[in-house]
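The values are calculated or read from the model by the stated rules, or taken from the named source; none is laboratory data. For clarity, every value in this text was computed on a predicted model and none was experimentally measured. Neighbour counts run over all protein chains shown; Cβ positions are idealised from the backbone, glycine included.
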Ligand code: DGJ
């Protein structure tokens, strides 16, 4: 949030001028709630609009058991140390509806109140029917009445720790609870503290490739629904006939997506906030096995039925009330991370990383997530990463500006530093991204150099270099890997930010005999949306390119040739 009322009006007016009549698609639009947070699509690009303008969620997710009054102070503290603008926090079905039809709003109301006091936006996580593929957060009146609220079954008829996705009474109970949550938000959140709601958490089932309960088996033996056939361009038949070896995987994905669509639709009918689901991923570099086995980590490392990349078309066509399918990315290596970003950035899907590793080595993926057009990013478990001790002297020998207080020294420096960098200009970055002006880079530990094309210029992004001189990269440097973000503001001018990286530009045309020169390299910052210069960099500071350490720096660069 961190935004004054006047600023909100200015942003709103600006956005109205910029986007009126532009043909943009408002995915969560409702005429009665015109200023609601919404996902907007224009020219194939997405943005999350908040108060009428693109917004970047620099978020962090609280631990699973942190949405209790005693734990909340630690969550806000962590968000502040992290320089986050948004906090993701669960709402537990068992706490929200302890007796059927009797709702307890106390925790939700407290979270709303305290988030506002701490100037945070919120993303709420509905821990309902599914939490990591099981039913642990369902209320006791569900858990103790399997006759009425049936569980999924494995191929031997044994009940799983997961509600059956094909049971009407299960979905009706969740719809009633979720729509009550959304009604309450509509009534109690006129200032739109809550930006998005996650429907369930890593939905799917464990230890079975699908639900084999009698009701599910009947559906499996029946014809594949026409709408799905049409969406996938398939001929009619049973699931086995249409999908062969992929029948189980596709059936369970359809069942879970269909269930969640009903819950999402019921909630949106009350209050049309953007809704999303998060995915427990499969290993995207692992070849698809020829036969099913529950221990090969396929389709997901953990679950069946969730929105893994293999079933995104099924999810997209079956759950249109879900605005975003969002990957939880815990793969630390560059190749897998990058591939997941590509797989979930689709013309029909905005990119959002609602969970990622809390290790500082993951911080660099903020640059690539945003570079792929991402609307938000969130390390998981922020309320414990603040307890991790880090070097007070910063990284790679550069004093850490963020570590200026005893508290801040406990922050994982790369995450906090990057968020500090982005937070000062989150609105600008979100807008440039929506306009397609931004590209991002994260350090690949197997390669020193990356390039990005910007019309007549090519940006050269190099990692592992000392701040001065042209020596080879020295791998002995300690500290988290780096990243860079470049926005092209005009054909020859760029805004550049980075962490542990050197950025330079060259003329893209290889036949050109001209050389590049920095006309100006201005260091400055954005204050209330206005660029405020601090100084011109020159000499040692630009002789070898633009060197970014762990000290946040924002540079505006004008290039020329000679
Ligand atoms: C992914 C889940 O979505 C989170 O709720 C949490 O359980 C993390 N995994 C733990 O790593």
Working carefully through the options 406, 442, find the one that is modelled with pLDDT of 95 or more and over 26 Å from residue 529 (Cα atoms). 442
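Going residue by residue through region 93-104, is there one that turns out to be assigned to a strand (DSSP E or B), within 15 Å of the ligand (Cβ to nearest atom) and crowded, with 24+ Cβ neighbours inside 10 Å? Write out each step before concluding.
Residues of region 93-104 that are assigned to a strand (DSSP E or B), as a first pass: 99, 102.
Those still in the list that are within 15 Å of the ligand (Cβ to nearest atom) too: none.
No: region 93-104 contains no residue that is assigned to a strand (DSSP E or B), within 15 Å of the ligand (Cβ to nearest atom) and crowded, with 24+ Cβ neighbours inside 10 Å.
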When you go through (1) at pLDDT 95 or above; (2) within 24 Å of residue 374 (Cβ to Cβ); (3) crowded, with 18+ Cβ neighbours inside 10 Å one by one for residue 489, which number turns out not to apply? (3)
On the basis of being more than 16 Å from the ligand (Cβ to nearest atom), at pLDDT below 95 and outside any helix (DSSP H, G or I), does residue 392 make the cut? yes
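Just one of 510, 481 is under 32 Å from the mean Cα position of the chain (by Cα) and not in a strand (DSSP E or B); which is it? Break it down into steps so the answer makes sense when it comes.
Numbers: 510 fails: under 32 Å from the mean Cα position of the chain (by Cα).
Only one candidate passes the filter, namely 481.
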Counting only residues in region 492-514 that are more than 23 Å from residue 543 (Cβ to Cβ) and at pLDDT 95 or above, the one surrounded by the most Cβ atoms within 10 Å (Cβ to Cβ) is identified as 509
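Could you tell me whether any residue of region 147-162 is assigned by TED's automatic domain parsing to the domain that holds residue 203 and within 16 Å of the ligand (Cβ to nearest atom)?
Taking region 147-162 as the starting set, the residues that turn out to be assigned by TED's automatic domain parsing to the domain that holds residue 203 are 147-162.
Now restrict to residues that are within 16 Å of the ligand (Cβ to nearest atom): 161-162.
Yes.
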Please specify each residue of region 301-315 satisfying the condition of being more than 15 Å from the ligand (Cβ to nearest atom), touching a strand residue (DSSP E or B) at 6+ places or on another chain (Cβ under 7 Å) and modelled with pLDDT of 95 or more. 312, 315
Since residue 361 meets every condition but one in (1) crowded, with 21+ Cβ neighbours inside 10 Å; (2) modelled with pLDDT of 90 or more, which condition does it not meet? (1)
Under 6 Å between Cβ atoms, which residue pairs at least 6 apart in sequence (or on different chains) link something in region 327-343 that is closer than 16 Å to residue 287 by Cα with a partner that is more than 14 Å from the ligand (Cβ to nearest atom) and assigned to a helix (DSSP H, G or I)? 343/309
Failed item, numbered, when residue 445 is tested on (1) outside the structural domain of residue 360 (by TED's automatic domain parsing); (2) within 27 Å of residue 352 (Cβ to Cβ); (3) in contact with a strand residue (DSSP E or B) (Cβ under 8 Å, 6 or more places away or on another chain): (3)
Residues located in region 183-224, provided they are without any contact (Cβ under 8 Å) to a residue 12 or more places away in the chain and within 28 Å of the chain's Cα centre (by Cα): 187, 190
Go through (1) assigned to a helix (DSSP H, G or I); (2) at pLDDT 95 or above; (3) under 26 Å from residue 468 (Cα atoms) one by one and return the number of the condition residue 416 breaks. (2)
Residue among 324, 370 that alone is in the same structural domain as residue 273 (by TED's automatic domain parsing), within 16 Å of the ligand (Cβ to nearest atom) and under 26 Å from residue 42 (Cβ atoms): 324
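Yes or no, residue by residue, for (1) within 16 Å of the ligand (Cβ to nearest atom); (2) surrounded by 15 or more Cβ atoms within 10 Å (Cβ to Cβ); (3) part of a helix (DSSP H, G or I):
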| site | (1), (2), (3) |
| --- | --- |
| 64 | yes, yes, no |
| 77 | no, yes, yes |
| 84 | no, yes, no |
| 111 | no, yes, yes |
| 125 | yes, yes, no |
Evaluation of residue 525 against (1) part of a strand (DSSP E or B); (2) buried (at least 16 other Cβ atoms within 10 Å of the Cβ); (3) under 30 Å from the mean Cα position of the chain (by Cα) (one fails), failing number: (2)
